[in-house]
Each structure stands twice: as structure tokens, then as C-alpha cells.
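Below is one structure, written out as C-alpha cells; the observations come after it.
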Amino acid sequence: VVKIASLHIFPIKGLRGISVARARITKRGLEHDRRYMLTTPDGRFISQRSHPALARLAVRMNVVSDLVTASCSITDPEGRTLHLPLIQEGGLSVKVDIWGDAVSALAGFVEANQFFSAYLGEEVQLVWMPPMADRPIDPDFSKPTDQVSFADGYPILVLGSASIEELNQRLTEPIPLNRFRANIIVSGARPWQEDEWTSLRASSVHLRLVKKCARCVVITIDQETGISGREPTATLATYRREGNNVMVGMNAIPEGREGEIMVGDKIMPAS
């Protein structure tokens, strides 16, 4: 039986994720996932690719009554903490650039800007994607109405835990699942079986699995220390290479109405 083993929300692109027991699926992916992003003063996004020290910032969810009224806390290695609401109700309207997409965002969060700039040792700003922002998905793999948050390209990343277990059998030092920054981890499938799926249903939620995920240098970065190495990319390149990329996980797009999924939900995949 294929089930949801864990769910992960990344409130700020490039920072650590938060494990949650349940999540609402919206057209942009898991609610609150990658709606914040750090940029340079002129609006170009930054992530662990250029700033691996972001991995050392701890992120925690603070739930007041439900996710709508929740906030998150970001703590640096020295113990300094920033509290952020997961939904912003004001700010300065700006345009930011992510992978060539010009996207509307809200900025002007002075305390957050000071926190991240002091930690990174350079001037950066935090921006938030409001509901009216328009960021369509690659038309080769999507419908005209599909939308994505500040994620690299697709709303949701699905990964089978057995795939990483199989990878770890090939590695001298096993690596944790958090290297792959997936939203939905599934159990009960064969290693790499997710490659074959074109859709999956869990509870009332329907996802289209549209393409394998090409992985970048971030999977080589230890999500506790921010230190990078050669693995697991070197090993993956021996058997998961397609062209110039190594492939791990499946990019997914929500289909139909919004709904909620939970850890333990059974999944009905289709190939």
C-alpha cells in the first residue's frame, strides 16, 4: 500500500523545511510553501545555490489555532530569532526576478531585511508572494491556468522514500531525505517507481505528475551545516543521469479543487 510518509512545507525559499501532519493543497502547491523568498536589493532571487549558509537557519512553525493564523520562526546559529506571519497583509509592491520570470511581490519588511542581511553579511530583502501574483508554469508541461509559488518551477515535489533508501545502499555515508527538499514523501512503492506515475490521488486531492525533477548543487549541501560535497550527485550520475542532469523525484501540479492531505493517507497512483 502506497501512503504519505511525511509532508514538508518550506515557508521561505532556500531555507529549511517544516514537517507537518497535514497540509492544504492549493493551486500553487502546499499552502504557505515558498511564498517568501530572499532577493538582492534589485530583486534577483537568492537560494542555497549561491548562499549555502541559508541551510544553517532553523525554521519552526508556530500554530496559534490553525495554519491561517500561524507564524514561523527563523533562528540563526547564534540564537537570534525572527518571527514571521505566514500571510502578509501589507507591504510595498515590487517586481522580483526568479528564473527569468518577473513576478509581483510585497516587500518592505524592515526587521526581516535586517535579520537576513546581518546573517549573510550583505544587503538582501525578504519578499512575499500575494494571492494576486501571476506566475504561470512552463507551458510545455502545464495548462494555462496553472500557477506556481517561488518554487523553482513546479508547485509540488513528490519523492519515494524507497528511492533514497536504494541510493543510500550505494553510498559510503547515507544521506537524509531532507537533502532533496520534497513536499510529499511516499512509502510503500518500489525504488524509483514514482518515475512511472502520471498522476496520484490522496484523499480528495488529485495531482498530475508532469516530469522528473532535475537536481542542482543543493542536494550536495548538508542541511544542518551548510557544507557541500560531491555526493550524492557523483553516485546519482552513474545511473540517474539524463543528458546533463541527474533526476530525483517528480514535479507535480494540483488538478481540480483544493483539498487537504494527511500523513498516513493512502495514495492511488496511475501510470
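Answer yes or no as to whether MET250 is assigned to a strand (DSSP E or B), hydrophobic (A, V, I, L, M, F, W, C), in contact (Cβ under 8 Å) with a residue 60 or more places away in the chain and open to solvent by 70 Å² or more (accessible area, probe 1.4 Å).
When the stated conditions are applied, MET250 does not pass them.
Among the listed residues VAL158, VAL94, VAL148, VAL124, identify the single one that is under 30 Å from MET247 (Cα atoms) and either in contact with a strand residue (DSSP E or B) (Cβ under 6 Å, 6 or more places away or on another chain) or basic (Lys, Arg) (or both).
Step by step, each of VAL158, VAL94, VAL148, VAL124 is checked, and only VAL158 is under 30 Å from MET247 (Cα atoms) and either in contact with a strand residue (DSSP E or B) (Cβ under 6 Å, 6 or more places away or on another chain) or basic (Lys, Arg) (or both).
When you look at GLY243, is it over 21 Å from the mean Cα position of the chain (by Cα), of a type in the set (Gly, Ala, Ser) and exposed (fewer than 13 other Cβ atoms within 10 Å of the Cβ), yes or no?
The answer is yes for GLY243.
Six or more apart or on different chains, Cβ atoms under 9 Å: show the pairs whose first residue is in the range 100-112 and at positive phi and whose second is outside any helix (DSSP H, G or I) and open to solvent by 30 Å² or more (accessible area, probe 1.4 Å).
Matching pairs, first to second residue: GLY108/GLY90; GLY108/GLY91; GLY108/LEU92; GLY108/VAL94; GLY108/GLN125.
For ARG257, all conditions in the list (1) under 21 Å from ASN183 (Cα atoms); (2) among the charged types (D, E, K, R); (3) surrounded by 12 or more Cβ atoms within 10 Å (Cβ to Cβ) hold save one; what is the number of the exception?
(3)
Within the range 51-71, can one find any residue that is at pLDDT 95 or above and among the hydroxyl-bearing types (Ser, Thr, Tyr)?
No, there is no match, as no residue in the range 51-71 is at pLDDT 95 or above and among the hydroxyl-bearing types (Ser, Thr, Tyr).
The values are calculated or read from the model by the stated rules, or taken from the named source; none is laboratory data. These numbers come from a predicted model, not from an experiment. All Cβ positions, glycine included, derive from the backbone under ideal geometry; neighbour counts span all protein chains shown. Ligands, DNA and RNA are excluded from the accessible area calculation, which covers all protein heavy atoms including side chains. Shrake-Rupley method; radii C 1.70, N 1.55, O 1.52, S 1.80 Å.
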